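This report refers to the structure that appears directly beneath it.
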Amino acid sequence: MVFPLSDDNADRTTFPVVNIALIVANVLVFVLFQQLGKNENFTLAFATVPAEILSGKDLVSGDRVVPMMTVQGVQNVVVPGLQPTPISVYITLLTSMFMHGGIAHLLGNIWFLWIFGDNIEHDLGKVGYLVFYLVTGVLASLAHVLLNTAGPGAVVPSLGASGAISGVMGAYLVLHPHRQVLVLLLRIVTEVPGYVAVGLWFAFQVVSGLGMLGGQQTGVAYGAHIGGFVAGALLAKPFKAIPSVG
């Protein structure tokens, strides 16, 4: 697995206001609304549930007791049920992009956004970058929904900024394939071109997602990562061609 540490920003002449604002928004939602993950009612009300998106109907379910493997062996764990969503279920495609399943989930996402997002904001302009981020995030969620039209995955809530961030990384591959990225690769700190850093990450998503693109077996929505990445790669140049605003 490749982990980015920094990239070359010597040619960036704009301050990444939108990128920082997106990072702050993700942190504030997790701290204030999700209460560091303790407010399960909020999380389960505003996360994306594939079955809800497909039917257009809000689903509410009771808590379930599910046997799960732990370090102490197989134990029964209470899984909270779906909560009422006070808005259109389709809006959860946006709200879920700003929520996270835990601190590690949040920190991993905002670190990748910090490394790669500023360059894409510089390319697309502030307004263009914000629209691009939201569009690729929604498309990533829709990819996850389409891969979970039936079975247990259809009622498993999905959340996180990783779909939109995957879109940013897809754009980075297209717009900055040769930009030097400092990475931790196989316990070695080295510089590699952008297409290597991002390409290896995408390859890992594809390999990990084979046979479980919905992500329900691992808790990771690889389908959303792949969908967001492809959307970002395809939309990067069209968005860059639009006259920049800000």
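Residues of segment 183-205 that are under 18 Å from the mean Cα position of the chain (by Cα), surrounded by 13 or more Cβ atoms within 10 Å (Cβ to Cβ) and either in a loop (DSSP other than H, G, I, E, B) or of a type in the set (Gly, Ala, Ser) (or both): ALA197, GLY199. Considered as a group, the residues in segment 217-234 that are surrounded by fewer than 20 Cβ atoms within 10 Å (Cβ to Cβ) and of a type outside the set (Ser, Thr, Tyr) include one that is modelled with the lowest pLDDT, and that residue is GLN217.
Here is the figure for segment 1-36: residues that are buried (at least 19 other Cβ atoms within 10 Å of the Cβ) and assigned to a loop (DSSP other than H, G, I, E, B) total 2. Candidates in segment 60-104 are the residues that are surrounded by fewer than 10 Cβ atoms within 10 Å (Cβ to Cβ) and at pLDDT 90 or above; of these, the one that is nearest to PRO50 (Cα to Cα) is PRO86. Just to be sure, is THR92 β-branched (Val, Ile, Thr), touching a helix residue (DSSP H, G or I) at 6+ places or on another chain (Cβ under 8 Å), assigned to a loop (DSSP other than H, G, I, E, B) and in contact (Cβ under 8 Å) with a residue 12 or more places away in the chain? Spelling it out, it is not the case that THR92 is β-branched (Val, Ile, Thr), touching a helix residue (DSSP H, G or I) at 6+ places or on another chain (Cβ under 8 Å), assigned to a loop (DSSP other than H, G, I, E, B) and in contact (Cβ under 8 Å) with a residue 12 or more places away in the chain. So, SER208, is that one closer than 28 Å to ALA51 by Cα, modelled with pLDDT of 95 or more, assigned to a helix (DSSP H, G or I) and of a type in the set (Ser, Thr, Tyr) or not? Taking the combined requirement at face value, the residue does not satisfy it.
The values are calculated or read from the model by the stated rules, or taken from the named source; none is laboratory data. Owing to the predicted nature of the structure, the values given are computational and were not obtained by experimental measurement. Note that each Cβ is placed from the backbone with ideal geometry, even for glycine, and that neighbours are counted across all protein chains shown.
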